[in-house]
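Okay, so here's the structure we're looking at.
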Amino acid sequence: MTQSTTNTPSFPPPQDEGSVTISYKGTTATLPVLSGTNGSSVIDIRNLQKDMGLFTFDPGLGTTASCESKITFIDGDKGVLLYRGYPITQLAEQSTFPEVAYLLLYGNLPTRHEYNEFVTRLEEKSLLHEQIRNFFNGFRRDAHPMAILCGTVAGLSGFYPEGTDTSNETSRDISAIHLIAKLPTLAAWAYKYSRGEPFVYPRADYSYSENFLNMLFARPDTPYKINPIYSRALDRILILHADHEQNASTSTVRLTGSTGAHPFACIAAGIASLWGPAHGGANEAVLKMLHSIGRKENIPDFIAKVKDKNSDVRLMGFGHRVYKNFDPRAKIMKKTCDEVLQELGIENDPLLELAVELEKYALEDEYFVQRKLYPNVDFYSGIIFKAMGIPESMFTALFAVARTVGWVSQWKEAFNDPLRRIYRPRQLYTGPEERDLKSSKQW
Ligand code: SDX
């Protein structure tokens, strides 16, 4: 079954909302202003170079809309996150990860029949070709799981060629299902490989999150009993990490997809981008930071280092390019953290206590208040993962499992964009004028 795009909801195109006039050295141009459903309107600068010979300059693309999208919306000032219009707070409490995946992919919540069909499709594609096991043997046992994911995901294209034809929706949908279904298996096998334990296969009688936990922790010698507290917490954490507008890794996937590269290469590029400590690698970096601080008494010295511009030390898990208020995911993550630890009877988790103290200290410090730096999704996630027995090296891999849904949804959306063209930013060149080689040679 491939999801027909006919029932993907259609929404009004960007509305013309007047224009801005720009004058420079005697030339004047009128640029249209377009508005969407929510958020800032945009100045359409596509004709700026033709009309005025000018580029725009926006390092880090902090104020540049790179595309039109109908999938996710963030109001950074209000701390609001919507997936296809539904608040993340409602989805985290009332939905399941497969249902959210369907919503992000196809734009509507599934009927019960569509949900069951979708879950079955994911389960049927969760197995890996047996030869893919050989990929792992090429890595050292201590290879970072993200290194293994980067390498194996791109290699999937050799086993599932039916998903590499980007020219039609059916093939794109097939590859999307392959990727969402196989990422947990690959990530879990990367963990098993690092421990020298046998790989565990997905099971049809387990949910997406139950399967992931079972593939991570089941062993042939002892039966592994799924803890519903863990599976529910994991499902919610996957929902929180599923998509997030045009973040660095999603932009990487869109840019790679704009060249016509097949989806396995695009998602491998997204995984590589997510790995950075300023992005998806922050959850692992937060734990390392908490371990380095050690105890509450050391917080003032640590914060002093963070505020010292020469120290290059950052408060990991804090700050965000878009949120200038609490990241709504951080609040849900903290609540989930409290629930998991309480239900597990962990009264006083020292790492959590240290994190809470660190958050409190920072939120009372003018440096953070003035810069509107609040906890983001990564600040508490590592503490839950650790409580669930997931090792630090797997935190970002878990993020990648969840974000694969957003990546493939955004990658698919780009194909239906009438403005689709290869990403090719320009630059402000400040290098040398043309010069002659022969007269410049030093020998
Ligand atoms: C994710 O984009 C997304 O949506 C990402 C994400 C997603 O779901 O895809 O939400 C996931 O990546 C969350 C962010 C995880 N990263 C971290 O927690 C790493 C720590 N955070 C920072 O590195 C930083 O806040 C970023 C990278 C998240 C945002 O960087 P920006 O927007 O480029 O902010 P900036 O560097 O311009 O900072 C503005 C000021 C600077 O100080 P001044 O030059 O004004 O004096 O705030 C300071 C920065 O030095 N600052 C921090 C800080 N973050 C910003 N100072 C100390 N600690 C921090 N964490």
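Considering every residue within segment 377-396, establish whether at least one is under 18 Å from Leu290 (Cα atoms), in a helix (DSSP H, G or I), open to solvent by 10 Å² or more (accessible area, probe 1.4 Å) and polar (S, T, N, Q).
Yes, there is a match, as at least one residue in segment 377-396 is under 18 Å from Leu290 (Cα atoms), in a helix (DSSP H, G or I), open to solvent by 10 Å² or more (accessible area, probe 1.4 Å) and polar (S, T, N, Q).
With respect to the numbered conditions (1) surrounded by fewer than 15 Cβ atoms within 10 Å (Cβ to Cβ); (2) assigned to a loop (DSSP other than H, G, I, E, B), which one is the sole condition not fulfilled by Leu315?
Leu315 satisfies all of (1) surrounded by fewer than 15 Cβ atoms within 10 Å (Cβ to Cβ); (2) assigned to a loop (DSSP other than H, G, I, E, B) except (1).
Only one of Arg421, Arg403, Arg435 is among the charged types (D, E, K, R) and within 22 Å of the chain's Cα centre (by Cα); which?
Arg403
If you scan segment 31-76, which residues turn out to be surrounded by 15 or more Cβ atoms within 10 Å (Cβ to Cβ), modelled with pLDDT under 95 and closer than 23 Å to Val377 by Cα?
Once the filter is applied, which keeps residues that are surrounded by 15 or more Cβ atoms within 10 Å (Cβ to Cβ), modelled with pLDDT under 95 and closer than 23 Å to Val377 by Cα, segment 31-76 yields only Gly76.
Find the residue count for segment 247-265, including only residues that are within 16 Å of the ligand (Cβ to nearest atom) and buried (at least 19 other Cβ atoms within 10 Å of the Cβ).
Count: 7.
Give segment 179-196 a look and list any residue that's within 22 Å of the chain's Cα centre (by Cα) and touching a residue at least 60 places away in the same chain (Cβ under 8 Å), or say none.
Passing the criteria: Leu179, Ile180, Ala181, Leu183, Pro184, Ala187, Trp189, Ala190, Tyr191.
Condition first: more than 25 Å from the chain's Cα centre (by Cα), modelled with pLDDT under 95 and charged (D, E, K, R). Can you find one or more residues in segment 353-374 that meet it?
Within segment 353-374, one or more residues are more than 25 Å from the chain's Cα centre (by Cα), modelled with pLDDT under 95 and charged (D, E, K, R).
Among the helices (runs of 4 or more DSSP H) lying completely within segment 197-276, list those that include at least 3 residues that are within 13 Å of the chain's Cα centre (by Cα).
It comes to 228-240, 248-258, 263-274.
Tell me, which helices (runs of 4 or more DSSP H) lie completely within segment 77-124 with 2 or more residues that are β-branched (Val, Ile, Thr), out of contact with any strand residue (DSSP E or B) (no Cβ under 7 Å at 6 or more places or on another chain) and over 30 Å from Gln370 (Cα atoms)?
Output list reads 112-124.
If I filter segment 221-234 for residues that are out of contact with any Gly (no Cβ under 7 Å at 6 or more places or on another chain) and within 16 Å of the ligand (Cβ to nearest atom), do I get at least one hit?
So far as segment 221-234 goes, no, none of its residues is out of contact with any Gly (no Cβ under 7 Å at 6 or more places or on another chain) and within 16 Å of the ligand (Cβ to nearest atom).
Any idea which of (1) open to solvent by 10 Å² or more (accessible area, probe 1.4 Å); (2) away from the ligand (no atom under 11 Å from the Cβ); (3) touching a residue at least 12 places away in the same chain (Cβ under 8 Å); (4) part of a helix (DSSP H, G or I) is the one Phe326 doesn't satisfy?
It is condition (4) that Phe326 fails.
Return the pairs, sorted by first residue and then second, in which the second residue is assigned to a loop (DSSP other than H, G, I, E, B) and open to solvent by 100 Å² or more (accessible area, probe 1.4 Å), the first residue lies in segment 419-443 and is at negative phi, the beta carbons are less than 6 Å apart, and the residues are 6+ apart or on different chains.
Final answer for the pair search is Leu428/Phe57.
Considering each residue of segment 207-235, count those that are in contact with a helix residue (DSSP H, G or I) (Cβ under 6 Å, 6 or more places away or on another chain) and open to solvent by 50 Å² or more (accessible area, probe 1.4 Å), and give that number.
Result for segment 207-235: 2.
Please tell me if Ala285 is in contact (Cβ under 8 Å) with a residue 12 or more places away in the chain, over 23 Å from Ile88 (Cα atoms), assigned to a helix (DSSP H, G or I) and within 15 Å of the ligand (Cβ to nearest atom).
yes
Given the options Leu358, Leu354, Leu363, Leu344, name the one that is away from the ligand (no atom under 12 Å from the Cβ) and open to solvent by less than 10 Å² (accessible area, probe 1.4 Å).
From the options Leu358, Leu354, Leu363, Leu344, the qualifying one is Leu354.
Go through segment 20-30 and give me each residue that's open to solvent by less than 80 Å² (accessible area, probe 1.4 Å) and more than 29 Å from Asp77 (Cα to Cα). Step through it out loud before you land on a result.
The first filter runs over segment 20-30 and keeps only residues open to solvent by less than 80 Å² (accessible area, probe 1.4 Å), leaving 20, 22, 27, 29.
Within segment 20-30, Thr27, Ala29 qualify.
May I ask you to verify whether Lys305 is more than 8 Å from the ligand (Cβ to nearest atom), assigned to a helix (DSSP H, G or I) and modelled with pLDDT under 95?
So Lys305 does not fit the description; no.
The values are calculated or read from the model by the stated rules, or taken from the named source; none is laboratory data. Remember, it's a predicted structure, so these values are computed and weren't measured experimentally. Cβ coordinates were reconstructed from backbone atoms using ideal geometry, including for glycine residues, and neighbour counts include every protein chain displayed. Accessible surface areas use protein heavy atoms only, side chains included; no ligands, DNA or RNA. Shrake-Rupley method; radii C 1.70, N 1.55, O 1.52, S 1.80 Å.
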